[in-house]
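Let me begin by presenting the structure, written as structure tokens, before commenting on it.
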Amino acid sequence: MSWLRVADGIMERLSRMGRNVSSIFLLLMVILINLEVLGRYLFGFSTLICDEYSAYFFVGCTFLGFTYSFRQGHFLRVGIMVDRLPATAKSILHLAAAALGFSISVVVTYEVAMLTLISVRFDSVSIQPSATPLWLPQALMPLGMGALSLLFLNEAVQTLAGLFSSDRRTEREEV
């Protein structure tokens, strides 16, 4: 089962990369907003792009941050009933949740990718003074959702492998 460890390591690196890029977007958002505030109140000028680009950076933070949040277990989990189940039942329920999460995230990935492709096809630009090509910030959405889809798939495969592995089953029952 060494390929499972390799896949898990790749997913770990993917989630860290999402965290790092998300952090950069957050930092850029903070810098841009502070620059706008200082510019308006101290020098009487506006960047004219603060609202627009802050929103783009927020989208980047959100969609690329999904990977790290999921990997760290910070997605919404309802444990009040699940915690009382035997280890095998927990694993089966976890597998079902991962499969459902994968299915939904694949559909969302497809839809936001189509949105991005439509923006490319029609050369859509923002209505703001910057006239930013909309496919640039929109491309962050399928990237983030695609990465989340991979993490859900990895979680499902890892859980399924754990169900059929006697070593892992005894580990889960001890926890």
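The values are calculated or read from the model by the stated rules, or taken from the named source; none is laboratory data. A quick note: this is a predicted structure, and the numbers were derived from the prediction, not measured. Don't worry about glycine lacking a Cβ; one is built from the backbone with ideal geometry, like all the others, and counts go over all protein chains shown.
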Query - Exclusive hit being at pLDDT 90 or above and either surrounded by 13 or more Cβ atoms within 10 Å (Cβ to Cβ) or among the acidic types (Asp, Glu) (or both), set 68, 41 - result: 68
**Report entry** Matching residues in the stretch 83-98 - criterion: being surrounded by fewer than 16 Cβ atoms within 10 Å (Cβ to Cβ) and either modelled with pLDDT of 95 or more or of a type in the set (A, V, I, L, M) (or both)
**Finding:** 85, 89, 92, 93, 96
Query raised in the report: Quick one: is residue 97 of a type outside the set (Lys, Arg) and either farther than 30 Å from residue 26 by Cβ or not in a loop (DSSP other than H, G, I, E, B) (or both)?
Result: yes
Report task. Output the number of residues of the stretch 100-132 satisfying the condition of being touching an Asp or Glu at 6+ places or on another chain (Cβ under 7 Å) and either exposed (fewer than 15 other Cβ atoms within 10 Å of the Cβ) or closer than 25 Å to residue 149 by Cβ (or both). Result -> 2
